[in-house]
Amino acid sequence: MKNEKGFTLIEMMIVLLIISVLLIITIPNVAKHNANINTKGCQAYVKMVEAQVQAYHLDLQKYPASTQELIDEGYLKSGETACPDSTNIVIGADGEVTTTTSGS
């Protein structure tokens, strides 16, 4: 019986405490960076749509009425009418690209 090897309950509880503290520290940082990544991704997507609006204008001498028109003409892939965070892309009459939240 004296040669039994293993972890005691105290050792296991200390390991679980350390893991819990590490998780408490890292999870809020990951969530904060996720929101930042979505914002940057949406900004990049708006810039890409702006470039496609300009290409459409150069080719057809008019601005598209909507993102659906860009999709129909092959300037955007099907289903690319919003940012990854569900922010809608709107094209103005003068070709200006803006974003609106899906609740608006």
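The values are calculated or read from the model by the stated rules, or taken from the named source; none is laboratory data. For clarity, every value in this text was computed on a predicted model and none was experimentally measured. Positions of Cβ are generated from backbone atoms using ideal geometry, with glycine treated the same way; all protein chains shown enter the neighbour counts.
See the values below:
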{"quantity": "Residue within the stretch 22-41 that is in contact (Cβ under 8 Å) with a residue 24 or more places away in the chain, of a type in the set (Val, Ile, Thr) and in contact with a strand residue (DSSP E or B) (Cβ under 7 Å, 6 or more places away or on another chain) present", "calculated": "no"}
{"quantity": "Residue in the stretch 87-97 that is in contact with a Leu (Cβ under 6 Å, 6 or more places away or on another chain), more than 16 Å from Gly41 (Cβ to Cβ) and modelled with pLDDT of 85 or more present", "calculated": "no"}
{"quantity": "Whichever residue in the stretch 52-85 is closer than 24 Å to Thr101 by Cβ and surrounded by fewer than 12 Cβ atoms within 10 Å (Cβ to Cβ) and, among such residues, is nearest to the chain's Cα centre (by Cα)", "calculated": "Pro84"}
{"quantity": "Index of the failed condition, Lys47 passing every other in (1) under 26 Å from His33 (Cα atoms); (2) free of Cβ contacts under 8 Å to residues at least 12 places away in the same chain; (3) surrounded by 15 or more Cβ atoms within 10 Å (Cβ to Cβ)", "calculated": "(3)"}
